[in-house]
Structure formats: structure tokens, C-alpha cells
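Following: one structure in C-alpha cells, then a few remarks.
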Amino acid sequence: MRGLLFLIPIGFLSFSLSAQEDPALWKQLKTITSENYQFSVPENFRQMRTSSRNPEQFFEASGAGLPITFNQGPVIVTIFLVRENCSSLEDCKRKCSEGYRINLDRVFSDGWEDRQKKLTLGNGQEAWLLQTRFYRRSKGLHQSRFDLVTYSNKAKVGYLYTLSVQHADGTYKVESDLRIPAFAAALFTHFQLR
């Protein structure tokens, strides 16, 4: 069962893993293991040092799997894992969703509704996949964000495993053109709680 780490419903966000443009990216992986979780990322994702315990893990992956530019604008890709103090999976999901709009630097488009889908990890534990998007005033870029929200019954703590893609495309067509949801699906497939 360890080989099948994560089950992803095919219909979510109209993507499939076969939509991923560079399957070779996912052939050479490095595995990160802690007492409470294990995940793998492509070898060419650059692991960054963190100055505190949160985020616990941080990777910069611009140009790795997604192009470095889109329509002459930058594409900045980061992946991070944050420990969240919460009491249950639903509490973690609520905190993540509410947290999106606390930061006043973020401007959400009229009519945008965050997407969410309940999933099952390979070890049978439930998780949530959340998607949001917003404009960051301070950076002058738009952000497409995907969060895998989990709760460890063993550790009594939640984890947010996040893919953040910053770009200059205010139409967010970049998401479909670069198949960013499929990239997120491939990333989250390699995560499990221990």
C-alpha cells in the first residue's frame, strides 16, 4: 500500500495526472521523512533553509516542471509545509480557508469562490484539497494557491502542504495553459501521514 500514497478523484478541477507535461520530472525524487509525515519531491526542487519551525519544509521550484515565464511574465513556484494548531481535520480546513482572507495584501476577484474537495490519503486518512487565487499588492503578481489540508490523529496537529504559483496573468488562464492543477495533483500524490 505504500506505493499508492494518495488517491485523487479524476473529476476535481477537470484534470488528470496524464495532463502533466513533463512526467520525467517525477521519476527522480528525494524523500523527506519526519515522525508524522513523509513526502517526495523532484530532485531538482531546491530545498530552502527555514529560520523557524514554520514552515517546517520549504522548496523553491521555479523552472522545474513549469516554465520560468508565461506571456513574458515570471512564474514563481514555491512549495511549503506548515504545521497548524487545530483540533480536527475540519478545524484545519476552516483555519486554512479563513486564513486566505486575513492578509490585507491579497485582493480576490469578484465572483471567485474557493474550491474544495475531500480526498483520501493512501493510509486511509481523509484530507482536503483547497484552491484559491488572488492578487498580491506587495509583489505585483497574481497567485494560484493549492493546499492539501491534513490532520494527524497521532500527533494531534494539522499540516498544510501548499503549492504557490505566482504569475502576472490576471485572467488566470495560466492555470489551464500550464496545467497547474495537474502539477498540484502530481505533487500531492507523493504525500502521506505516518
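State all residues of region 160-175 that are in contact (Cβ under 8 Å) with a residue 24 or more places away in the chain, surrounded by fewer than 17 Cβ atoms within 10 Å (Cβ to Cβ) and closer than 16 Å to G111 by Cβ; if no residue qualifies, say none.
Within region 160-175, G170, Y172 qualify.
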Strands (runs of 3 or more DSSP E) fully within region 82-159 counting 2 or more residues that are over 21 Å from L193 (Cα atoms), in contact (Cβ under 8 Å) with a residue 12 or more places away in the chain and over 14 Å from the mean Cα position of the chain (by Cα): 126-136, 141-152
Scan of region 112-129 for residues that are of a type outside the set (F, W, Y) and closer than 17 Å to Y172 by Cβ, ordered by number: E113, D114, R115
Condition test on L13, is it in a helix (DSSP H, G or I), at pLDDT below 50, more than 17 Å from G65 (Cβ to Cβ) and not hydroxyl-bearing (S, T, Y)? yes
Exactly one of these conditions fails for E35: (1) surrounded by 16 or more Cβ atoms within 10 Å (Cβ to Cβ); (2) in contact (Cβ under 8 Å) with a residue 24 or more places away in the chain; (3) part of a loop (DSSP other than H, G, I, E, B). Give me its number. (1)
For region 100-120, which residues satisfy the criterion of being of a type outside the set (F, W, Y), surrounded by 14 or more Cβ atoms within 10 Å (Cβ to Cβ) and at pLDDT 95 or above? R106, D114, R115, Q116, K117
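The values are calculated or read from the model by the stated rules, or taken from the named source; none is laboratory data. In this text, all values refer to a predicted model and were calculated from it rather than measured experimentally. Cβ atoms come from the backbone with ideal geometry, glycine included; neighbour counts cover every protein chain shown.
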